[in-house]
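A short write-up of the structure that comes next.
The values are calculated or read from the model by the stated rules, or taken from the named source; none is laboratory data. Quantities reported herein were computed from a predicted structural model and do not represent experimental measurements. Every residue, glycine as well, gets a Cβ built from its backbone with ideal geometry; the counts of neighbours run over all protein chains shown. Note: accessible area is taken over every heavy atom of the protein model, side chains too, but ligands, DNA and RNA are not part of it. Shrake-Rupley method; radii C 1.70, N 1.55, O 1.52, S 1.80 Å.
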Amino acid sequence: MIHIAIIGGTGVYDPNILENVHQDEVLTPYGLVSYKVGSFEGKNIAFIPRHGSKHSIAPHLINYQANIWAMKKIGVKLILATAAVGSLRLDMKLGDFVLVDQFIDFTRNRKNTFYEGGKRGVVHVDLTNPYCSMIREKLLLVAQNMGIAVHNDGTYICTEGPRFETPAEIHMFSKLGGDLVGMTNVPEVILAREAEMCYATIAMVTNYAAGISSKPLTYGEVLEVMNANTENLKRLFMNVITSIDSETDCSCQHALTEYGGFKL
Ligand code: HPA
């Protein structure tokens, strides 16, 4: 059984903590999904690089529905996602990890539900705690024990991308209570909850957002900071996977009880 999946964001294209890695694929109503499977300490782990293995899929064109459906279909209960983010706060510094706890959705043109009427019907999923508290607690403990800079919460503003933001937009996002900005957490986190899976994002600050930084932003700097910190990320994953019991029941896994549960 594969109970844990890692969805790698920008700069995380390789499941290099895993052994005996092989490629597999699964058909979903939204298309075919290729993923890797390997093992770590006797646990089978699936891995999907969200942007493709060569960063060829733009944030607004990622097939989020297919990816989450595929993970559900192979039996995944728990998803650890990574995300490169711009920081709106001077105290969330380059290379810091943030265990995102809220999001604000500024995407414009994405499919953000598995329930579009018809045979599947309509659901209104609760997102009071959009990110799994159980995994966030584990991540916090592990990161603190490792002595790495980690923030226990943060509000993630999700933009449509693929462009970076204007300073005026960042100014507005700050006023609205945003801490971080990225392009991919929505709808991934929503779909994971609809599919009744635990989902947590480990955001890594790769740059100060437009206007917070006085310099123009470059994708190169995002990659540079990400690459400089992948070793920490890798160790964090290893320690959290070791300490997490993927059989633990969690309220995320009953998110659609009111609707009779999620059905593939
Ligand atoms: N904006 C949006 N997405 C990002 C950024 C940013 O500044 N940095 C990394 N991903």
### Nearest-20 debye value, segment 19-96 charge dipole, Cβ charges on Lys, Arg, Asp, Glu
180 debye
### Query
Rolling a 1.4 angstrom probe over the protein heavy atoms, how many square angstrom per residue are accessible across the chain?
44 Å²
### Query
When DSSP assigns beta bridges and you keep just the ones with both residues in the chain, what percent turn out antiparallel, to the nearest 5?
40 percent
## Note on the structure
Counting sequence-distant residues (5 or more places) and residues on other chains, those with an amide H built under 5 Å from that of CYS132 are TYR199, ALA200
### Query
What is the Å³ per residue value for the convex hull set by the Cα atoms of segment 4-259?
120 Å³
### Query
Hey, in the GNM for the chain with a 10 angstrom Cα cutoff, which one of PHE40, PHE97, PHE114 fluctuates hardest?
PHE40
### Accessible-area composition of segment 4-259, carbon plus sulfur, in percent [1.4 Å probe]
50 percent
### Set of lysines with alpha-carbon distance to LYS119 below 27 Å, sequence-local pairs under 8 removed
LYS72, LYS73, LYS77, LYS111, LYS263
### Query
Along each of its three principal axes, how wide is the spread of alpha-carbon positions in segment 143-258, in whole angstrom units, largest first?
47, 37, 22
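Let me know the charge dipole size of the chain about its Cα centre in debye, to the nearest 20, where only the beta-carbon of Lys, Arg (+1) and Asp, Glu (-1) is charged.
About 500 debye.
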### Query
Farthest toward the dipole's positive end in the chain, which of GLY147, GLY220, ASN63, given Cβ charges of +1 (Lys, Arg) and -1 (Asp, Glu) about the Cα centre?
ASN63
### Message
Whole-Hz ³J(HN,Hα) for each residue in segment 36-47, computed from phi via Karplus 6.51 cos²θ - 1.76 cosθ + 1.60 with θ = phi - 60°, x for glycine and proline: what do you get?
### Response
10, 10, x, 10, 9, 6, x, 9, 7, 10, 8, 9
### Message
List the trypsin sites (Lys or Arg not before Pro) within segment 38-75 that DSSP assigns to loop and that have no more than 13 neighbouring Cβ atoms inside 10 Å.
### Response
LYS54
## Note on the structure
Binned at 10 Å from zero, the C-alpha pair distances of segment 73-149 give percents of 12, 34, 35, 14, 4, 0
